[in-house]
Amino acid sequence: MSLTARVSCSMLSCFGEEGPPSLEYIQAKDLFPLKELVKEEENLQVPFTVLQGEGVEFLGRAADALIAISNYRLHIKFKDSVINVPLRMIDSVESRDMFQLHISCKDSKVVRCHFSTLKQCQEWLSRLSRATARPAKPEDLFAFAYHAWCLGLTEEDQHTHLCQPDILKGRTEALKPDPHLRKSPSLESLSRPTSLGFGDTRLLSASTRAWKPQSKLSVERKDPLAALAREYGGSKRNALLKWCQKKTQGYANIDITNFSSSWSDGLAFCALLHTYLPAHIPYQELNSQEKKRNLLLAFEAAESVGIKPSLELREMLYTDRPDWQSVMHYVAEIYKYFEM
């Protein structure tokens, strides 16, 4: 039954006299009421389809995006991209450079959102910090509200299609393998030892004789920075930094001492890529004041050879101290492409 019964016995009802009902029925979802929406501008509209039991609590504008916080997610809609992060996936939230929210997720991804004023940035920092705080009781988890609101609803009304990949939306037939094609072993099956029964001692001994430990080369292909760390000593981070310093030695206006401020004007990226792609980057014509041009040249040069952009131009333009982990990841991709 999709109803929750709450019994309230009073002395009057027990003795048969007139009084309030002794048995009151309420729907399960009434135990999880939605909070009132707080809008920074009256004409703003929630930019996504909410799930059952999900209520948007705050809605406003950042410097270049629409931002919303519900009891389930953080939603940031930029001009050309959208970020949806479940609140329980957020590891930490902090304010950087006065006007920037820096959001670290538990899957190692980083989300940054810029605001026009310090007051607005601090207000959204406070809101998001409260929303991601540890639940006081289990019922505060969104899963309970979602379940309660879904009771008695059809699958379509439960919005389960929003949580399913495309192959479950009628595309299964297109993705079925051709039965006439010879199957090739998957990478997973090649890396996993054959499952043998207790009676297969002959096969077991043969497989153990054929097994060999991974070579140093195969390990380095999986973790290219390990080779750098052995060559330069110290941590992988410091080894990659020393490699960058060595590659850009002699370039004007380059002083790489970290993976943050040293890369903010884009010249370090240009110098590093110029050593491999001199035709793509006219380094002698560049200067540190043309930050946007430098970054565009570097990102486009790297992308021209297949290095996927993992840094966003608009985020780099807003700060003089970009996130060092994001910069290091991008530089590591350059190293892997040209050196491995």
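The values are calculated or read from the model by the stated rules, or taken from the named source; none is laboratory data. Remember, predicted model here, so these are calculated numbers, not experimental data. All Cβ positions, even for glycine, are placed from backbone atoms using ideal geometry, and neighbour counts span all protein chains on display. The protein model used for the area step is the full one, side chains on, heavy atoms only, and it has no ligands, DNA or RNA in it. Shrake-Rupley method; radii C 1.70, N 1.55, O 1.52, S 1.80 Å.
Looking across Gln27, Gln45, one residue alone is under 22 Å from Ala143 (Cα atoms) and modelled with pLDDT of 60 or more. It is Gln27. Out of the residues in the range 100-131 that are part of a strand (DSSP E or B) and in contact (Cβ under 8 Å) with a residue 60 or more places away in the chain, which is farthest from Ala62 (Cα to Cα)? If we take residues in the range 100-131 being part of a strand (DSSP E or B) and in contact (Cβ under 8 Å) with a residue 60 or more places away in the chain, then Val110 is farthest from Ala62 (Cα to Cα). Looking across the range 303-317 at every residue that is within 17 Å of Ser264 (Cα to Cα) and in a helix (DSSP H, G or I), the one that is farthest from the chain's Cα centre (by Cα) is identified as Leu317. Among residues that are outside any helix (DSSP H, G or I) and open to solvent by 60 Å² or more (accessible area, probe 1.4 Å), Asp255 is included.
All told, Ser304 meets the bar of being among the small types (Gly, Ala, Ser), open to solvent by 50 Å² or more (accessible area, probe 1.4 Å) and in contact (Cβ under 8 Å) with a residue 12 or more places away in the chain. The number of residues in the range 67-99 being outside any loop (DSSP other than H, G, I, E, B) and either surrounded by 21 or more Cβ atoms within 10 Å (Cβ to Cβ) or out of contact with any His (no Cβ under 9 Å at 6 or more places or on another chain) (or both) comes to 16. Residues of the range 41-60 that are at negative phi, in contact with a helix residue (DSSP H, G or I) (Cβ under 8 Å, 6 or more places away or on another chain) and in a loop (DSSP other than H, G, I, E, B): Thr49, Leu51, Gln52, Glu54.
The set of residues from the range 268-295 being touching a residue at least 60 places away in the same chain (Cβ under 8 Å) and assigned to a loop (DSSP other than H, G, I, E, B) comprises just one member, Tyr276. Got at least one residue in the range 285-293 being open to solvent by less than 50 Å² (accessible area, probe 1.4 Å), touching a helix residue (DSSP H, G or I) at 6+ places or on another chain (Cβ under 8 Å) and either β-branched (Val, Ile, Thr) or under 27 Å from Lys79 (Cα atoms) (or both)? Yes - at least one qualifying residue is present in the range 285-293.
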